[in-house]
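What follows is a set of notes on a single structure, which appears directly below.
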Amino acid sequence: MAERIIVDPITRIEGHLRIEVEVSGGKVVNAWSSGQMFRGIEVILQGRDPRDAHHFVQRSCGVCTYVHAIASVRAVDDAVKVKIPKNARLIRNLLLGAQYQHDHIVHFYHLHALDWVDVVSALKADPAKTAALADNVSNAPWGGTTYFKNVQQRLKTFVESGQLGPFANAYWGHPAYKLPPEANLMAAAHYIEALRLQAKAARMHAIFGGKNPHPQSLVVGGVTCAADLTAERIAEFLYITKETHDFVKNVYIPDLLAVASFYKDWGGIGRTTNFLAWGDFPLSEKEPESLFMPRGVIFKRNLEKPVMADPGKVTEHVARSWYEGTQARHPYQGETKPFQGDPKYDTDSKDGRYSWLKAPRYEGEPCEVGPLSHVLVGYAYGQKEWKQPVDHVLKTLNIPAEALFSTLGRTAARGIETLVIGEAMQGWVMELVENIKKGDTQTYEPYEMPDKAQGVGLNDVPRGALGHWIVIENKKIKNYQYVVPSTWNLAPRCAAGKMSPVEEALIGTPIADPKRPLEILRTVHSYDPCIACAVHVIDPDSNEVYKVRAA
Amino acid sequence: MPVVSDNPFDAENAPEILVLGIGSLLFSDDGFGIHVIRRLEAEYAFPDRVHVVDGGVLGVNLLGVISKPRHLIVVDAVRNRGKPGDLHRIDHEEIPSRIRAKNSLHQVDFLEALTLCQALDNVPRTVILGVEPQDVETLGLELSPPVAAQVEPMIRLVLAELERLGVSWTRKDSVPDVSCDPFAHR
C-alpha cells in the first residue's frame, strides 16, 4: 500500500524546499520537489543600468553572492563585446576557485556529513581506537588519544546541555547509519576542524574581492582590485590556497573515502540519467575551448559520447509551476509572471502545479548539473586532471564507473573537484605573479554601452551550471533571466511530464522508517540545494518548523 | 610542518568589536540591518578596533567574521511579538538557547553560525539590536514606513552600545548624500 511522506522544509539548506514522496514496499515509487518561495528578482532588474545588475543579483542569495555577481558581469561582458585582460581572467578564476574550496568543504562536513555520520554514536567511541583509525586512514595533522578524548568531551557538553545546536533535529540512532562509533568520532572531530578551516578559507575572497564579505571588485570589463595586486596580497592568497588544499588532500578526501566505504550501496541509489556542464575557468580568451572544467552534455549515462553543450538549446518550462501559461521559452524570451490564481499545491492531478521553480530542460531533457556533471564531462573527454582522481576513487572503493551516476558518485565528485581545482589554483596564482612581473598590470578594458544588445554569461559554479541572460535596450535592462543550478536539479516536472533530476533520483530509495526519512535527506542534500529565498528574519516563536508528515 | 597552522596574516583582520548588519536588501524590511550599516559607514568614523560589516544573508559563511571579535553587535529584523517598528535589544544571555539552537525558518543562518562559534572556542559577547518588521516578504528595496522611521533611532542605539564599550566615534565632516536606494552608488 502506498504511503505519502512530506518533508517540509528540507533542513540544512538555503531556501525553502519541500519534498513529497510516495512509498510502497519500503521504497520510494514517486516523488515531487517543490520550491516554496517566489524568487522574482528578475522583475526588480528591469529598467536598470546593466552595469548595476551584479550588485542586485549577488544579494539574491547568501551563499552564492560571488557566483551570481560573476555570472551577471559575464553576461554584460558578452553583450557589450568586451575582452577582459589576462589579469582579470586569472583573478576571476581564482575567486571562483576559492568559492569551490570553501563551499564544498562546508557542504561535506557541515551540511551533508550528518546524514552519514551519527554524532551521538561518537560518544560511545573508544578514543584510543579512534586515534588508531585516524592514523590509518587520514593524514590529518591532529590526532592521538588525548585529542579524540577532548573532542568527545566537547560533543558530550553540546549534547548534555540540550544545546545540540548544529546537531539538533537529526535522526540519531537511525538504522541507516552504518559507521562504527570510532569512525563517527573521527568524522565529528574533522567537522570541528573543518569549521576552523572554512572560517579561514572565506578570507580568500576578501583578498581580491575588495570589501568583505560581499565582493565588490567585479566590474564589466574586468576587475577593480588593481591595488590589491601586491606581493603581500598575492602571497597571502597563495598561503591560504595551499593550506586549504592540504586539508582537502589529507583530510577531506581520506574522510570521504573512509565514509564511502561503508555506504557503497549508495552507488545504486539516487541515480540520474543526463548531465550538463557549461564548464568554467577559461585558460585563455578562447571559450569554450580553453575551459579547464570542460563544457559538455552526457545523455543516457553514455560516457563514450559527451557532446558540446549549446546554450541555445535551453528552455524553461512553467506548465507545472506557479507561473502564467504553459509555454516553454528560451531565457532571452523568458517571462517571470507569477500565477494570478491561488497557487494551489497540486501533486495529485496530471497537470497540477506545485512549485515556484521553473523547469529548465536541455533539448527537452532534464539534466543534472553540479559536481557530478563537471567530473563526468571531464572524465568522458578523457582529460587527465579529471580522469586520474576519478579512477583513483573507483579503484580505492572497488566500484565500477556505473556507480558514479548516484548519490555516492555525486558526493565523491564534490570532493574530487575540490581537489582538482585547488591544485590548479596554485598554478594560476603563479601565472598571475609572472604576468605582473612582466609589467602587465592591466585589470580592466574600457567598452561602450550599446543601445541595444543581448548577452549570456555561462558559468559553472559549485552547485552547477549557472546562466544569466540579459537583453539591453536604450542602454537599460529590458529583460533579465537566470537559470540557476538548483532550478535544474530541483525543478518540478515539465510540460512533457518528465521528472526533474532530484525527483528521478529519489525513485527507488529505500525507506527504513517513514517517520524518519533519513534516506531522502541523503539524496536531496547530495545536490547541495540552495534555492535562495534570502528571507531570514529572526523568529523566536517558530519553534517547530521542521515537519515530517507521514500521511 | 603541521598541515593546518595559524595563518600569520589573520591577526590584522581581527577587530575587537564587530558591528554586523544582517538581512536581505531585496525583501523590504528584511534589509533593515543593511540600511543601518550603510548609514553608519557613510556618516561615522570609528577607531580601528571597530569594524562595521554588511553581512547580508551570508549565514554560516559569516563564521570567519564573527568568530574573531570579543564583542558583537548585530543589527537585524527581529520578530518578538511586538508591533512593526518596535525596537528590541536582546542581550547575550537573553538570546534564548532555543534560537541559538537551530529553530529559525532558514536553518543555515546567522544564529547557527553563532552557535558554531562555541565549537571554535570563541563566542563573542553578543547583543542583538532589532526592529520588529512589518513586511519581509514583498520583493522591494524600500523599508516600510514604521521601520524606515527607526533607522535613525537604531543608529543612536548602536552608537550608545559602542560608547558602553568605551568606543569614541566621530561624525564624518562631509556627509555624502545617502540615497534611500542602497544601490544608487554613482
Query raised in the report: Given A:Lys86/A:Lys305; A:Lys242/A:Lys438; A:Lys249/A:Lys515; A:Lys387/A:Lys498, which pairs have Cα atoms separated by over 29 Å?
Result: A:Lys86/A:Lys305; A:Lys249/A:Lys515; A:Lys387/A:Lys498
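Suppose R0 equals 25 Å. What FRET efficiency, 1/(1 + (r/R0)^6) with r the Cβ-Cβ distance, do A:Glu285 and A:Arg48 give to the nearest 0.05? It would help to have the intermediate numbers written out before the result.
Values: r = 29 Å, r/R0 = 1.15.
Calculated transfer efficiency: 0.30.
Using a Förster distance of 45 angstrom, determine the FRET efficiency expected from the C-beta separation of A:Gln153 and A:Lys437, and round it to 0.05.
With a Förster radius of 45 Å, E is 0.30.
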**Report entry** Efficiency of FRET between A:Lys350 and A:Asp513 - r from beta-carbon atoms, R0 35 angstrom, step 0.05
**Finding:** 0.70
Report task. Subtract the Cα-Cα distance of A:Glu160 and A:Ala231 from 0.36 nm times their separation in residues, and report this length gain in nm to one decimal. Result -> 20.7 nm
Report task. Assign one of three labels to chain A, namely rounded, prolate or oblate, based on the Cα gyration tensor with a ≥ b ≥ c the square roots of its eigenvalues; rounded applies when a/c is under 1.5, prolate when it is not and a/b is larger than b/c, and oblate otherwise. Result -> oblate
**Report entry** Cut-off 15 Å, label 7 Å out along Cα→Cβ of A:Gln333, residues of the range A:454-490 by amide N
**Finding:** none
Query raised in the report: Residue-wise, which Karplus ³J(HN,Hα) couplings in Hz belong to the range A:502-517, taking 6.51 cos²θ - 1.76 cosθ + 1.60, θ = phi - 60°, and x for glycine or proline?
Result: 5, 5, 5, 5, 6, 4, x, 5, x, 10, 6, 9, x, 7, 10, x
Report task. Return a whole-number percent for the relative contact order of the range A:373-486, with Cα pairs under 8 Å and 6 or more residues apart as the contact set. Result -> 16
**Report entry** Shape call, the range A:154-313: gyration tensor on alpha carbons, a/c limit 1.5
**Finding:** oblate
Query raised in the report: Which GluC sites (Glu not before Pro) from the range A:308-401 combine a DSSP loop assignment with at most 16 other Cβ atoms within 10 Å?
Result: A:Glu324, A:Glu335, A:Glu363
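When only DSSP loop residues count, what chymotrypsin sites (Phe, Trp or Tyr not before Pro) in the range A:468-522 have their Cβ near at most 10 other Cβ atoms within 10 Å?
Values: sites: A:Trp469, A:Tyr480, A:Tyr482, A:Trp488; in loops: none.
Answer in residue order: no site qualifies.
Computed from the coordinates by the stated procedures, all read-outs in this text should not be read as laboratory data. It should be emphasised that the depicted structure is a prediction, and the values quoted were computed from it without experimental measurement. Neighbour counts are summed over all protein chains in view; Cβ atoms, including those assigned to glycine, are modelled from backbone coordinates with ideal geometry.
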